[in-house]
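Here is the structure we will look at, set down as C-alpha cells.
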Amino acid sequence: MAYDKELTAAIKAASLAARLCRKVQKGLVESDVRSKSGRRHQSPVTVADYGSQALVSFVLQQEFPGEFSLIAEEDSNDLRKDGAGAIVERITELVNDFLTSDGSYNVALSPEDVLKAIDSGKSEGGSQGRHWVLDPVDGTKGFVRGDQYAVALALLDRGKVVLGVLACPNLPLTSTGVADPHCRKDEVGCLFFAEVGGGTYMQPLDSSSAVKVQVSGVENPEEASFFESYEAAHSMHDLSSLIAQKLGVKAAPIRMDSQVKYGALSRGDGSIYLRFPRDGYREKIWDHAAGTIVVTEAGGVVTDAEGNPLDFSRGRYLDLNTGIVVSNHKLMPLVLNAVRASLEEKSL
C-alpha cells in the first residue's frame, strides 16, 4: 500500500504514547492535572497530554525528518510560565523512559527538546502537502475520571485522510455486546488502524496480532444501539434522544468519551454515533480525522448532519453545519431523515 511506512511509524508512535498515558492514568496525582489558560470553559490538560504529544512528535520527526508537519492540540505556553519547572521535569522523565523502553532511539531529550517537540504541532494544515493530525489524549475529562480516552493520530495527504490510528488503553478487547465465555472482560487495551483502501484492523495494545473488523450490519433501527458523547457539553443529549425516538431505537444510548466511539463502532459494538455540539462550538480536525478513516475503512459512513462528507482540507477546524452522524450504509439514509426531522422540530 502507498502509506505502509507511514502507518508502521504511526502505530509505533501511538502505541508508545498510549503506554505513557496508561502509566500516568494509573498513578494520576493532582499536580499532573492543569487547566488551560485563557479558555472560556476550563479544560483540563495533564502531563499525559503533553508527554504523548512530545513522544509522537519526536518519533515521527525521526522517521520523516525532511517532510514533517504536525497539527496537534497542545502547545508549551503554560509550561514555559514560572512555577511549571517541576511538571516539565516530570514530562521529560516520562518521555525519556518510554523512548528508552522502545530502544529504537539512543537519545535522552532535554526539557527544552521536549517543549520544542510539543510546539511542533502548530501547523495550519490545509489542502496541500502531507500533515500529521494528533490528539495526544482525546477525552481528557474521561482520562481524569479513569474512563475511556484515546491517542488519535492520522495523516492527511492533500486534504484527505489517508491513514488513522486509534490507541484505546481502556477499551475491552471484546465487544461489550459479545457473550463469549472464553473472553475475559478484564483484558483491555485496543489499537485500531486503517489505511485508505486497506480496511480497518484491531489488535491488542501490547501485541501485533491484528484482526480485520467490520461495522455492524444492522438494517432495522429498532435493533440498533447508538453512541454519544459522555459530556453533555460535547453533544446535545436531548436532540440525540429525539432522533433515536423517531428511529424507534429501543436501546439506551452508550455514552463514552473520545474517539473510542469510532473504534467501538468500527468493530460493530453499536450501529450509530450522533454528535451535536452546542451552538458556537467549532469541531477540531484532530477530534475526528483518525476516527473517520477507522470507521469508513470498516465499511461505515461519516457525514455532517446534511449528509456531506467531512472536509479536512480547510485547516485546523471542520466548520460543519450542525453536527456529525456515523452509521453503516443501510441505516444512514434513515438516520439522516430522522436527524433532519428532529432538527426542524427543535427549531420550531
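The values are calculated or read from the model by the stated rules, or taken from the named source; none is laboratory data. Because the structure is a prediction, the values reported are computed rather than measured. Neighbour counts are summed over all protein chains in view; Cβ atoms, including those assigned to glycine, are modelled from backbone coordinates with ideal geometry. Side chains included, ligands, DNA and RNA excluded: accessible areas come from the protein's heavy atoms. Shrake-Rupley method; radii C 1.70, N 1.55, O 1.52, S 1.80 Å.
Brief remarks follow.
- Filtered residues of segment 311-348 (kept if in contact with a strand residue (DSSP E or B) (Cβ under 6 Å, 6 or more places away or on another chain) and without any contact (Cβ under 8 Å) to a residue 24 or more places away in the chain): Asn321
- Candidate set from segment 156-175 (those that are hydrophobic (A, V, I, L, M, F, W, C) and over 15 Å from Lys284 (Cα atoms)); member that is surrounded by the fewest Cβ atoms within 10 Å (Cβ to Cβ): Leu173
- Only one of the numbered conditions (1) modelled with pLDDT under 95; (2) assigned to a helix (DSSP H, G or I); (3) of a type in the set (A, V, I, L, M) is not met by Val45, and that is (2).
- Test set (1) out of contact with any Cys (no Cβ under 9 Å at 6 or more places or on another chain); (2) assigned to a helix (DSSP H, G or I); (3) open to solvent by less than 60 Å² (accessible area, probe 1.4 Å) - Gly125 fails condition number: (2)
- The residues of segment 234-265 that are assigned to a loop (DSSP other than H, G, I, E, B), open to solvent by less than 60 Å² (accessible area, probe 1.4 Å) and touching a residue at least 40 places away in the same chain (Cβ under 8 Å), listed by number, are Ser235, Met236, Asp257, Ser258, Gln259.
- Residue ID - most open to solvent (accessible area, probe 1.4 Å), chosen from residues in segment 278-327 that are hydrophobic (A, V, I, L, M, F, W, C) and farther than 22 Å from Ser216 by Cα: Leu320
- The residues of segment 133-153 that are part of a strand (DSSP E or B) and in contact with an Asp or Glu (Cβ under 9 Å, 6 or more places away or on another chain), listed by number, are Leu134, Asp135, Pro136, Val137, Asp138, Ala150, Val151, Ala152, Leu153.
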